[in-house]
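The structure under discussion appears below in the form of structure tokens.
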Amino acid sequence: MIQITEGLALIPGRDDMIPDSHVYVVGYPDSGDLTLVDAGLMGKGGYKVEMLKAASIPLENIKRIILTHTHLDHIGCLNELREMIGSCELWVHQIEADALEKGDDRTVYGMDMFKQMCQMQYRIPDDAFTLSVDRKLQDGEALSIGGMTWEVIHVPGHSAGGIALYSSDLQTLIPGDVVYADYAIGRFDLFGADGPELKNSLLKLSPLDVKILLPGHNQVVKNLAPGYIAQTARQWGPYLT
Ligand SMILES: [Zn+2]
Ligand SMILES: [Zn+2]
């Protein structure tokens with residue numbers, strides 16, 4: 001586990017044939033109220049729990065898992081994690097929460113061909129992602145968790161119910177797969193994705209004061225250049241039509 005700043009730590013994803021998302025551990029340790037942001041790929045829960053234990057984090061302090069979105073590389077090991085951690089809540093944006101509750105896994109797999117491949121490869125039963133969601137998040141909500149305040153920002157485009165979490169106090173943005181380091185952005189060809197919406201989401205994030213960028217994959221950025229997201233939106237704009 002890598003400490004980013006007080007109350008923010010990273011468990012790096014361990015990519016397989018398919019990427020495994022990073023998990024962020026959010027909340028001041030003495031609050032006793034910790035959140036995991038994202039879970040990761042199938043079979044990638046065990047080492048994450050080992051890392052939490054190695055960092056002397058009492059598993060009962062993990063009160064919830066918030067998913068930035070429900071792609072397989074973020075939700076795949078959710079069930080494993082919850083079994084190992086014990087009772088912790090699941091918070092997801094309303095749109096993808098409703099899909100999970102209906103057993104609609106089109107967002108999870110992104111495309112039919114991929115679903116068949118993954119179900120065979122990882123022996124995933126059909127109802128693996130029919131889940132009840134404890135809290136359905138909405139754009140603009142402020143979450144008071146772990147002694148911090150995080151704003152929920154709905155950022156569709158990579159997936160229909162994707163969210164970013166933003167703390168103005170910590171100047172920190174957790175954007176899921178919407179924007180990465182090196183001016184990269186998430187793909188916009190999967191089920192529920194949309195290029196122009198992704199562009200709007202980047203523009204929506206552009207005015208935020210962000211020093212620390214904690215994306216779903218690849219590099220974490222601790223000293224983000226001012227105007228970085230606006231610049232990313234400008235660079236990608238011509239492709240997001
Ligand atoms: Zn994704
Ligand atoms: Zn991802």
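The values are calculated or read from the model by the stated rules, or taken from the named source; none is laboratory data. Just so you know, these numbers come straight off a predicted model, no measurement behind them. Neighbour counts run over all protein chains shown; Cβ positions are idealised from the backbone, glycine included.
The table below lists the values:
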read-out	value
Single residue of Gly103, Gly86, Gly110, Gly46 found to be more than 26 Å from Lys222 (Cα to Cα), at pLDDT below 95 and not aromatic (Phe, Trp, Tyr)	Gly86
Some residue of region 172-181 being under 18 Å from Trp91 (Cβ atoms), among the charged types (D, E, K, R) and out of contact with any helix residue (DSSP H, G or I) (no Cβ under 9 Å at 6 or more places or on another chain)	no
Residues that are touching a Gly at 6+ places or on another chain (Cβ under 8 Å) and either over 20 Å from Val92 (Cα atoms) or assigned to a loop (DSSP other than H, G, I, E, B) (or both), drawn from region 19-39	Pro19, Asp20, Ser21, His22, Gly27, Tyr28, Pro29, Asp30, Ser31, Asp33, Asp38, Ala39
Residues located in region 44-66, provided they are closer than 18 Å to Ser21 by Cα and either surrounded by fewer than 19 Cβ atoms within 10 Å (Cβ to Cβ) or of a type outside the set (Lys, Arg) (or both)	Gly45, Gly46, Tyr47, Val49, Glu50, Met51, Leu52, Ile65, Ile66
Lone qualifier among Gly40, Gly7 - being on the phi > 0 side of the Ramachandran plot, surrounded by fewer than 23 Cβ atoms within 10 Å (Cβ to Cβ) and not polar (S, T, N, Q)	Gly7
Pick from region 83-98, criterion buried (at least 19 other Cβ atoms within 10 Å of the Cβ) and in a helix (DSSP H, G or I), ranking: farthest from ligand 2 (Cβ to nearest atom)	Ile85
Lone unmet requirement of (1) modelled with pLDDT under 95; (2) surrounded by 15 or more Cβ atoms within 10 Å (Cβ to Cβ) for Met17	(2)
Residues (free of Cβ contacts under 8 Å to residues at least 60 places away in the same chain, in a helix (DSSP H, G or I) and under 20 Å from Thr68 (Cα atoms)) located in region 99-114	Leu100, Glu101, Lys102, Val108
Single residue of region 41-73 satisfying the filter (in a loop (DSSP other than H, G, I, E, B) and within 16 Å of ligand 1 (Cβ to nearest atom)) that is nearest to Ala99 (Cα to Cα)	Thr70
Filtered residues of region 197-241 (kept if touching a Ser or Thr at 6+ places or on another chain (Cβ under 6 Å), more than 16 Å from ligand 1 (Cβ to nearest atom) and either in contact (Cβ under 8 Å) with a residue 40 or more places away in the chain or not small (Gly, Ala, Ser) (or both))	Ile212, Ile229
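A quick yes/no check of all residues on (1) within 15 Å of ligand 2 (Cβ to nearest atom); (2) crowded, with 24+ Cβ neighbours inside 10 Å:
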{"position": "His158", "(1), (2)": "yes, yes"}
{"position": "Val178", "(1), (2)": "yes, yes"}
{"position": "Phe188", "(1), (2)": "yes, no"}
{"position": "Leu202", "(1), (2)": "no, yes"}
{"position": "Ile229", "(1), (2)": "no, yes"}
